[in-house]
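Please read the structure below before turning to the comments.
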Amino acid sequence: MDYFNQESERLRFRKLTEEDIPSWVDFFVDNDRLHFLGITDWSKSKEVLAKDWIMAQFSRYEEQGLGHLAVEIKESGEFIGLGGVLLREREGKKEYEVAYSLKPKFWKKGY
């Protein structure tokens, strides 16, 4: 299986590109759950936060061979968020975490 190209019944997962950055800005608008993200510098613009988040995935792809992928609705191709496997280190041990973040307008839809 190719990690960077996967599908479920309703969704398609692919590598992120720089072209996804403008759409990812929507994640930071009217999102009351941003405090869970561990972002320490909220003085940055939403555009910079979106770019930083996506650019960090490119480093993960290169260094770890995984990271967040773009999540699209298969039927329409609409970009709705990010999801994937992240390598974390906790208490000196490497662990894998399945993580996802969807734009608020796609919450509560069973994705």
Against the conditions (1) open to solvent by 30 Å² or more (accessible area, probe 1.4 Å); (2) in contact with a helix residue (DSSP H, G or I) (Cβ under 7 Å, 6 or more places away or on another chain); (3) among the hydrophobic types (A, V, I, L, M, F, W, C), where does MET1 fall short? Just the number, please.
(2)
Looking at PHE106, is it touching an Asp or Glu at 6+ places or on another chain (Cβ under 7 Å), open to solvent by less than 60 Å² (accessible area, probe 1.4 Å) and not aliphatic (A, V, I, L, M)?
no
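Conditions (1) in contact with a helix residue (DSSP H, G or I) (Cβ under 8 Å, 6 or more places away or on another chain); (2) open to solvent by less than 60 Å² (accessible area, probe 1.4 Å), marked per residue:
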site: LYS51; (1), (2): yes, no
site: HIS68; (1), (2): yes, yes
site: ALA99; (1), (2): no, yes
site: GLY110; (1), (2): no, no
Among the candidates GLU78, GLU63, which residue alone is surrounded by fewer than 14 Cβ atoms within 10 Å (Cβ to Cβ) and in contact with an Asp or Glu (Cβ under 7 Å, 6 or more places away or on another chain)?
GLU78
Residue under question is GLU7, and the condition is that it be open to solvent by 50 Å² or more (accessible area, probe 1.4 Å), over 15 Å from the mean Cα position of the chain (by Cα) and among the acidic types (Asp, Glu); does it hold?
yes
Assess whether PHE106 counts as being of a type in the set (A, V, I, L, M, F, W, C) and either over 20 Å from LEU11 (Cβ atoms) or in contact with a Ser or Thr (Cβ under 9 Å, 6 or more places away or on another chain) (or both).
no
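The values are calculated or read from the model by the stated rules, or taken from the named source; none is laboratory data. As the structure is a computational prediction, the values presented were derived from the model and not from experiment. Backbone-built Cβ (ideal geometry, glycine too); neighbour counts: all protein chains shown. For accessibility, only protein heavy atoms count, side chains too; no ligands or nucleic acids. Shrake-Rupley method; radii C 1.70, N 1.55, O 1.52, S 1.80 Å.
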